[in-house]
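Report on the structure given below.
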Amino acid sequence: MSSPFQYAPAPESRSIVDIAPSYGLFIDGEFVDGTGEAFKTVNPATEEVLTEVSAGSAADVDRAVAAARRAFTRTWGPMRPADRGKYLFRIARLLQERAREFAVLESLDNGKPIRESRDVDIPLAAAHFFYHAGWADKLDFAGLGPNPRPLGVAGQVIPWNFPMLMLAWKVAPALATGNTVVLKPAETTPLTALLFAEICQQADLPPGVVNIVTGAGDTGRAVVEHGDVDKVAFTGSTEVGKSIARAVAGTRKSLTLELGGKAANIVFDDAPIDQAVEGIVQGIFFNQGHVCCAGSRLLVQENIHDEVIASLQRRIGTLRVGDPLDKNTDIGAINSAEQLARIRELSDYGEAEGANRWQPACDLPDRGYWFPPTVFTDVSPAHRIAREEVFGPVLSVLTFRTPDEAVAKANNSTYGLSAGIWTEKGSRILKIADQLRAGVVWANTFNKFDPTSPFGGYKQSGYGREGGRHGLTGYLKGVTHS
Amino acid sequence: MNDRLAVRKTYKLYVNGAFPRSESGRTYEVTDSRGHFLANAARASRKDARDAVVAARGAFGKWSGMTAYNRGQVLYRVAEVMEGRHTQFCAEVEAGEGLSGSKARAAVDAAIDRWVWYAGWTDKLGAVLGGSNPVAGPYFDFSIPEPTGVVAVLAPQQSSLLGLVSVLAPVLAAGNTAVVVTSKQRPLPAVTLGEVLATSDVPGGVVNLLTGDAEELGPWLAEHADVDGIDLTGAPAGRAMELEREAAGTVKRVVRPSATEPDWSTDPGLSRITPFLETKTVWHPIGV
């Protein structure tokens, strides 16, 4: 049913970004040509090639690690902690100054709506630097023991779903604790990391403190397996996380992993339904569902199932799918053809295994990678769409009758990253939150993030935390706890 | 001269609160440091290890769900009951490790005191390791430590009692349940510790003690999908990397062994508690 009120296009101008025809690697404070084969990065909303980017070879990674080691030994390591903090404050401010440019570039390269890159990704990235800047000269007060010391060179590999935010989650704590970094951005979203390299230059950050080596899996492997890397931090799939854990086995390298999830979002019959529906939508359709902590399994109490689903479908019908740069867009493009194929495959399995697919009537652009918001009802816990991470805008709905059943079903997963609870009863929130085996529990809200708030998983969702006091420990030695 | 013939003990496994023989029927000879026969210990099998994991998983809800105060009292009770068997532990440690009487006594003293140290930690971890997080928005946000789950422990090969307690007690203090492979050559104090645990209000299944060979049992525990973490302190020489690789297949939390066995007499700090703790962060809106 078409509304009498139509939205006029409200496109954010892309003139604020200036994309070069090609990019090199950022090593030792300078852009240099990579020796691997260059690759193209595309705008997933249009399939337009944005630019060509160098792929870092093992030799390039070696140069980057050597630069990071030099910086650790000669400049960043010996520097007064207060000065390290001031560099991070500078970076936070520079990010704020150029926030719109970063947001537009992120939406172009990733496909996410400008509303999210502008209001979530980039402000939070700046906040991470600002927060960690303050820690740099206060580590003795973090309650981690009398003499926390940096590990050395951190090799960091990040995913494509929140490119700039994940960079901030990795780089800010590493630098605040006195480490230097070699960071490999995701193959499909390298551009904001390369723009961040310019920020490092504008901040006069000493050469080698931050090195950015673009490339695909081979480049990441070279970073992880490099013999002079002291710390490996990875965010991405559980499958790759396992291979990284195998690769660092038997070494002295410290490892943190932030991996996949299949979060249960539990709605009890006393929940305020309208708020819960907003939370369900936010939980699964935020960032096209390309979120490791997405609320991809809706567990709704049986007696309100029909009411919740009807309300949810009504709400989903109002979501606007399309041009990521349009300020009214709710759901942008799927990040890559490969990811779109994966979402389609799992959704087809959902139907084949007996679940009911529902999608709103919505026009999708002719070019680019798109998938409409999708709800599967009649999902059984055995279905692949109830067990595997789809990493797309696909919600699986299951039901429960009792709180015990809700907890059992929520915990029936190899993952344990996040969960949601919707109920008006406070004591129930605390009881269920206690029983859920998940690292982040959102009660009467979902998908909230903050630099002061530790984030990370239980079980096969990984180990280590990012954010808060806990996030510092992964980058320090000589601390009383890790 | 006392001519009474002693009643010897049959040294068995400790699994799910009971003392079974190995289902495999296997035993191996345990000798003192000079090679004299001490006992035939049960040689645990893969099946015994799996049974122990089932028992540990079954006990996890009860143990982790206890109040921290209650858990602390139970661990303190272990120290109390151990104290009553002080002489027996000294004799077993002296024979097994070849220590002088005074050194064996020091090791037993330290082992008992270690339970006391960890008993006092249970109700402080939340305050020391958790806290509220001042997020930039109208939310109450707090983080608390929670136990990882079922932890496999390859106990030290040299220090058969103090070393064992030093790796086991922190796992329990954090609220985990444990499957322990004891020192292969010196397993007897572990079996006696099992008798202490069985009479100290530690619920059955919370601690499972397998005498036998970590080389044989380690890989099964490292790859077991219902084991959440593994302490490789007592891993056979040269096998730790392989076990860590196996553990990666299920993203287990791993404590790597040090190059040589640690000096167990030193202050352990929190270093053995935190590897088997998870941090849970909970958000709730603030509003009227």
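The values are calculated or read from the model by the stated rules, or taken from the named source; none is laboratory data. These numbers come from a predicted model, not from an experiment. Neighbour counts run over all protein chains shown; Cβ positions are idealised from the backbone, glycine included. Protein only, heavy atoms only, side chains kept; ligands, DNA and RNA dropped before computing areas. Shrake-Rupley method; radii C 1.70, N 1.55, O 1.52, S 1.80 Å.
Here are some notes:
- In the stretch B:42-58, the residues that are in contact (Cβ under 8 Å) with a residue 24 or more places away in the chain and more than 13 Å from B:L210 (Cα to Cα) never reach a residue that is part of a helix (DSSP H, G or I) and open to solvent by less than 10 Å² (accessible area, probe 1.4 Å) with C-beta atoms less than 7 angstrom apart, at least six apart or across chains.
- Checking every residue in the stretch A:67-77 against the condition of being among the β-branched types (V, I, T), surrounded by fewer than 20 Cβ atoms within 10 Å (Cβ to Cβ), assigned by TED's automatic domain parsing to the domain that holds A:D109 and free of Cβ contacts under 8 Å to residues at least 24 places away in the same chain gives at least one match.
- Residues satisfying the stated conditions in the stretch B:59-73, i.e. more than 18 Å from the chain's Cα centre (by Cα) and either over 18 Å from B:A178 (Cβ atoms) or among the polar types (S, T, N, Q) (or both): B:T67, B:Y69, B:N70
- Elements of type helices (runs of 4 or more DSSP H) contained in the stretch B:185-288, each with 3 or more residues being open to solvent by less than 30 Å² (accessible area, probe 1.4 Å) and within 8 Å of chain A (Cβ to nearest Cβ): B:240-248
- Of the set (1) open to solvent by less than 40 Å² (accessible area, probe 1.4 Å); (2) part of a helix (DSSP H, G or I), all apply to A:R90 but (1).
- Residue within the stretch B:70-91 that is open to solvent by 20 Å² or more (accessible area, probe 1.4 Å) and outside any helix (DSSP H, G or I) present: yes
- Taken over the stretch A:218-251, the criterion of being within 13 Å of chain B (Cβ to nearest Cβ) and farther than 23 Å from A:F455 by Cβ is satisfied by A:R246, A:A247, A:A249, A:G250, A:T251.
- Summed over the stretch B:217-246, the residues that are of a type in the set (D, E, K, R) and in contact with a Ser or Thr (Cβ under 8 Å, 6 or more places away or on another chain) give a count of 2.
- Residues in the stretch B:132-184 that are outside any strand (DSSP E or B), open to solvent by 10 Å² or more (accessible area, probe 1.4 Å) and small (G, A, S) were compared, and the one that is farthest from the other protein chains (Cβ to nearest Cβ) is B:S159.
- The stretch A:17-46 residues that are at negative phi, paired with ones that are in a loop (DSSP other than H, G, I, E, B) and among the β-branched types (V, I, T) (beta carbon under 7 Å, 6 or more apart): A:L25/A:V213; A:L25/A:T214; A:T41/A:T188; A:P44/A:I334
- Screening the stretch A:356-375 for residues that are in a strand (DSSP E or B) and open to solvent by 40 Å² or more (accessible area, probe 1.4 Å) and picking the one that is farthest from A:D330 (Cα to Cα) gives A:N356.
- Total residues in the stretch A:297-329, condition within 12 Å of A:P373 (Cα to Cα) and touching a Gly at 6+ places or on another chain (Cβ under 9 Å): 2
- Members of the stretch A:418-438 that are hydrophobic (A, V, I, L, M, F, W, C) and open to solvent by 40 Å² or more (accessible area, probe 1.4 Å): A:L430
- Odd one out for A:D274 among (1) open to solvent by less than 30 Å² (accessible area, probe 1.4 Å); (2) more than 14 Å from every other protein chain (Cβ to nearest Cβ); (3) not aromatic (F, W, Y): (1)
- Cβ pairs under 8 Å, 6+ apart, first in the stretch A:182-207 and free of Cβ contacts under 8 Å to residues at least 12 places away in the same chain and farther than 16 Å from A:P163 by Cβ, second part of a strand (DSSP E or B) and acidic (D, E): none
- Residues considered: A:V17, A:V49, A:V65. Of these, the only one that is of a type in the set (V, I, T) and farther than 25 Å from A:A333 by Cα is A:V65.
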